[in-house]
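Single-structure report; data block below.
Nothing in this text is a laboratory measurement; each read-out follows from the coordinates by a stated rule. Keep in mind it's a predicted model, so treat the numbers as computed, not measured. Positions of Cβ are generated from backbone atoms using ideal geometry, with glycine treated the same way; all protein chains shown enter the neighbour counts.
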Amino acid sequence: MCTVTCLASINIAVIKYWGKRDEVLILPVNDSISATLDTDHLHAKTTVMTSSTFKEDRIWLNGKEEDIKNPRLQNCLTQIRKRARNSNQWKVHICSENNFPTAAGLASSAAGYACLVVALAKLYQIEDDITSLARSGSGSACRSVMGGFVKWCMGSESNGADSIAKQIVPASHWPEMRILILVVNDTKKKISSSIGMKRTIETSDLMQHRIKHVLPNRVKIIEQAIIEKDFKTFAEHTIKDSNQMHAVCLDAYPPVIYMNDVSHTIINFVHAYNEAVNEVKVAYTFDAGPNATLYLLEENVPEFVGVLDHFFPPGINLEQYRKGLTFKEVINSQELFNKINTTRQAPGSLKYIIYTKVGNGPKYLEDP
Ligand code: DP6
């Protein structure tokens, strides 16, 4: 019996992957950039086992056996076995679970496929690039195979050989970066990312403008901003890219709508806060759902959380999500509240928030 266990976490894109040029190979229409989050908070944990007694491949997700014939899973397993350096005849049993708060409604496929591929790569002794293997399970998963800030280069080859992810900088390059996930809704998303991006690419006229005239430059600018730790430029382009992804979704026919009223309240609130402090201190971004992810520097967390606590009743409880992150006292400034109060809309309600940081990527655990 041979066993490998590993942890991998979700990533949150600042330049969104939205649209495929090849649906089967999962090849994107643009480069995308994300940060991989710390494995302490939102991770998948996967154990893969092989034994001469196993007659067939099997998989359990969060304790429940799932259909191993799932096409994306099969795709992934086939690609991995083609690259195996030992025996590609071995059958595997896979157990995967995630530690996401059950109500978070956060996408788990990126962490799940990244974790599966990293674990199987060790079992099958695959040593060169494995990001394309994770990509064959779910596009954004290729960026969770590494820590820090990661770029998925779309590539140009039709077989996808050059569509791989590369680390821009490790987490240690910008250790002050913090992430707050504002969970506003816990229900499963109505339109999956795959369907939403397919409809957008097929029907949105604005999408062509995004791909040809906006993204090539924006990718370069944000990459440079990360390298130079230029928060203002990083934040402005993160915000604009999120808004543009949701704008092309709205331009699809029928429109694809992921954000709700609370999401829009958060957008207005972040802009009102940045205006009140006369500096871009917080960036927001939204994936294919209503929950907001905020990027901000550690030094600004106490003040921002203070205003968040004030304006989003019944207040927030960070305690259970702090896990090892130092969190100085929340700042309560009536003067700041008054400034924001003049511009804000009616408050929405947040289910809870998760406080985390950029992480180092997948890690192997000792035998369970
Ligand atoms: C909005 O990776 O979930 O999160 O490749 O079809 O599995 P598939 O899609 P998926 O799409 C993620 C879209 C996004 C943006 C991003 O992460 O870049």
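Structure notes:
- Considering segment 109-160, and only residues there that are of a type in the set (S, T, Y), more than 10 Å from the ligand (Cβ to nearest atom) and assigned to a loop (DSSP other than H, G, I, E, B), the residue that is nearest to S96 (Cα to Cα) turns out to be Y124.
- For segment 207-223, the count of residues that are more than 18 Å from the chain's Cα centre (by Cα), within 26 Å of D261 (Cα to Cα) and not hydrophobic (A, V, I, L, M, F, W, C) is nonzero.
- Segment 11-45 - residue that is more than 10 Å from the ligand (Cβ to nearest atom) and part of a strand (DSSP E or B) and, of those, surrounded by the fewest Cβ atoms within 10 Å (Cβ to Cβ): D22
- Considering only residues in segment 243-292 that are within 15 Å of the ligand (Cβ to nearest atom) and touching a Cys at 6+ places or on another chain (Cβ under 8 Å), the one that is nearest to L106 (Cα to Cα) turns out to be Y258.
- For segment 30-67, a tally of residues being more than 18 Å from the chain's Cα centre (by Cα) and within 30 Å of F234 (Cβ to Cβ) returns 0.
- Residue match in segment 79-90 (condition: in a loop (DSSP other than H, G, I, E, B) and at positive phi): no
- Taking segment 55-84 as the range and being closer than 14 Å to L120 by Cβ and of a type outside the set (K, R) as the test, the residues that pass are D57, I59, I68, L73, Q74, N75, C76, L77, T78, Q79, I80, A84.
- A single member of V92, V184, V150, V118 is surrounded by 20 or more Cβ atoms within 10 Å (Cβ to Cβ) and within 14 Å of the chain's Cα centre (by Cα), and it is V150.
- Within segment 56-76, residues that are closer than 18 Å to S108 by Cβ and within 16 Å of the ligand (Cβ to nearest atom) reach partners that are assigned to a helix (DSSP H, G or I) and not small (G, A, S) with beta carbons closer than 7 Å, at six or more positions or on different chains, in the pairs C76/Y113; C76/L116; C76/V117; C76/L133.
- Meeting the requirement of 1 or more residues that are hydroxyl-bearing (S, T, Y), the helices (runs of 4 or more DSSP H) wholly within segment 202-317 are 231-251, 261-276.
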